[in-house]
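The values are calculated or read from the model by the stated rules, or taken from the named source; none is laboratory data. Predicted model only: the values in this text are computed from it and were never measured. Reconstructed Cβ throughout: ideal geometry from the backbone, glycine too, with neighbour counts over all protein chains shown.
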Amino acid sequence: MNPETPDGYTRRTVLVTGAAGVAAAALPLAVDAEPVAHDAAAQGPTTDVSLRINGQLHALSIDPRVTLLDLLREQLHLTGSKKGCDHGQCGACTVLVNGRRINSCLTLAVLHEGDQVTTIEGLGEPKKLHPMQAAFVKHDGYQCGYCTPGQICSAVGMLGEMRGGMPSHVTHDLSAPTVFSSEEMRERMSGNICRCAGYPNIIAAIREVAGVAT
Amino acid sequence: MRAFTFERAATPAAAALAMQQHPGARFIAGGTNLLDLMKLDIEQPTHLIDVNRLGLDRIEALPDGGLKIGALVRNSDLAADARVRRGHPLLSRALLSGASAQLRNKATTAGNLLQRTRCFYFYDTTKPCNKRTPGSGCAAMEGFNRIHAILGASAQCISVHSSDMAVALRALDAQVETVSASGAVRRIPIAELHRLPGSTPEVETVLAPDELITGVTLPAPLGGVQLYRKVRDRASYAFALVSVAAVVVREGRTVTAARLAFGGLAAKPWRNEEAERRLIGTDGGAQARDAVADLLLADARGHGHNDFKIPLLRRTLHATLAQAIETT
């Protein structure tokens, strides 16, 4: 989702241009700084990997250090998935791999040979939103929006898990069918942090898509 | 992240052989712990061996009524398996209390067992840590140590093992199956897999460098009431301060069998068979529970910030056993 403004600027180009302005302004202060040696910049061996992302096949030869998140954002420019903590603690990078939600920051792209990856861009588009995206808009399930792509991918994955009968920590009876309660949804969404604390509206959006009365 | 070479192993024995041929290598499965540590420069493998395609992702029924769990079965699949939920609910409960749904979807059975401690000082490369850099000292000993061990620690290390799953497996007497580069296989009782720190806290298990876990076997279901009680700083997605895994079997009002294992106390899932035997033949009442706690905590020692774990464990043990008795 990258809606353009009437004058052709996207939110992203504005942000990037703004950041460049700040960097240029700060430049004189950095003249004496020693160049930082980045081991990550060293040219190493590459590994071949083929995977399908949002339906499109990508055959790549990449540095094996590249995480799935960095492949998506830095090489394929699918910047919907966000880098929050980069350590699996915040959930902003959540994507669906073969239909299951995972933290894309804590996996290497080369581990996903033959996998099908769905990101927020693959779920829906501005003119054709996924029901979960539409519900987040309707219920104001965000404020700053940074965690939102991860929240939405996670919520889609979670409903799949619930419909598949996967239990949770708060499931009272492990042999009973899944209960689509707010208590269950809150526990199951605990891997997605929202620093704006939009949780009540996030749960309201998910309940609507789950078909639970709100 | 430091540079490394990468290969995909085709069989368990080939993976073990690759490890033997590449000193400094690591197996990678779910990667949720290893990649976290590599980004922080705590783990520095020069070669990664991808073991995700070894066909070890099934749960099979054994003739003796037990289960064989493949090393690569994801935590969420293990927790959701109908046979586990029915016969070993303790294991499902422990797994579901750990991490987040995203992590459980990726983390594997073997990886969960081999995850490394979350000691703040192990994670902080600016601080001494005998586990990370042998001989450098232990910053936790005089530091902020509220999450640290009260049993089985040494002057070199007071970190705890962070797994919930391993605590349940300890109570259930699981066995770990491995293969080495030579092709030799062996079975290790879960009680013997993890080592206490002693003077070598960097050596965390009895596994040889080229030994790959291929699976975990569970004996036939124990029955009884099975509970996992985890006490933590927030209601979800946090490591245990203390946890209690309990299996209680009763005939009438009398306890006929009991298993107790504990998390958050030591560098391995903790169990004291002599202490748990004090429940046998009793009604599981407050007096019997105190006798168990007395023996269990006889050698417990806090390090300042974690002194609270001693009374907390006693109370959590009481609460868990009281619930088990009420449920029967």
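Miscellaneous remarks
- Scope the stretch A:165-184; condition more than 8 Å from chain B (Cβ to nearest Cβ) and either touching a Ser or Thr at 6+ places or on another chain (Cβ under 8 Å) or crowded, with 22+ Cβ neighbours inside 10 Å (or both); matching residues: A:Thr178, A:Val179, A:Glu184
- Checklist (1) buried (at least 24 other Cβ atoms within 10 Å of the Cβ); (2) among the polar types (S, T, N, Q); (3) more than 10 Å from every other protein chain (Cβ to nearest Cβ); (4) under 26 Å from A:Glu187 (Cβ atoms) applied to B:Gln115, failing item: (1)
- Elements of type strands (runs of 3 or more DSSP E) in the stretch B:1-93, at least 2 residues being within 21 Å of A:Pro167 (Cα to Cα): B:59-61, B:67-70
- Criterion applied to A:Gln143, A:Gln151 was being of a type in the set (S, T, N, Q) and more than 14 Å from chain B (Cβ to nearest Cβ), and the one residue passing it is A:Gln143.
- Hey, A:Ile102 facing another protein chain (nearest Cβ under 7 Å) and not hydroxyl-bearing (Ser, Thr, Tyr) or not: yes
- Restricting the stretch B:85-108 to residues that are more than 27 Å from A:Cys90 (Cα to Cα) and more than 9 Å from every other protein chain (Cβ to nearest Cβ), the residue that is farthest from the chain's Cα centre (by Cα) is B:Gly87.
- Single match in B:Ala155, B:Ala174, B:Ala149 (criterion: hydrophobic (A, V, I, L, M, F, W, C), surrounded by 23 or more Cβ atoms within 10 Å (Cβ to Cβ) and out of contact with any strand residue (DSSP E or B) (no Cβ under 6 Å at 6 or more places or on another chain)): B:Ala149
- Selection from the stretch A:51-87 of residues that are within 13 Å of chain B (Cβ to nearest Cβ) and touching a residue at least 60 places away in the same chain (Cβ under 8 Å): A:Ser81, A:Gly84
- Filtered residues of the stretch B:289-328 (kept if at pLDDT below 95 and assigned to a loop (DSSP other than H, G, I, E, B)): B:Thr328
- Residue within the stretch B:137-154 that is closer than 21 Å to B:Pro189 by Cα, within 14 Å of chain A (Cβ to nearest Cβ) and not polar (S, T, N, Q) present: no
- Residues of the stretch B:125-144 classified as crowded, with 24+ Cβ neighbours inside 10 Å and in contact with a Gly (Cβ under 8 Å, 6 or more places away or on another chain), total: 2
- Test for A:Cys194: is it without any contact (Cβ under 8 Å) to a residue 60 or more places away in the chain, assigned to a loop (DSSP other than H, G, I, E, B), buried (at least 21 other Cβ atoms within 10 Å of the Cβ) and away from every other protein chain (no Cβ under 13 Å): yes
- Residues of the stretch B:144-181 that turn out to be on the phi < 0 side of the Ramachandran plot, touching a residue at least 60 places away in the same chain (Cβ under 8 Å) and assigned to a loop (DSSP other than H, G, I, E, B), as a count: 20
- Residues of the stretch B:305-319 that turn out to be among the aliphatic types (A, V, I, L, M), in contact with a helix residue (DSSP H, G or I) (Cβ under 8 Å, 6 or more places away or on another chain) and surrounded by fewer than 22 Cβ atoms within 10 Å (Cβ to Cβ), as a count: 0
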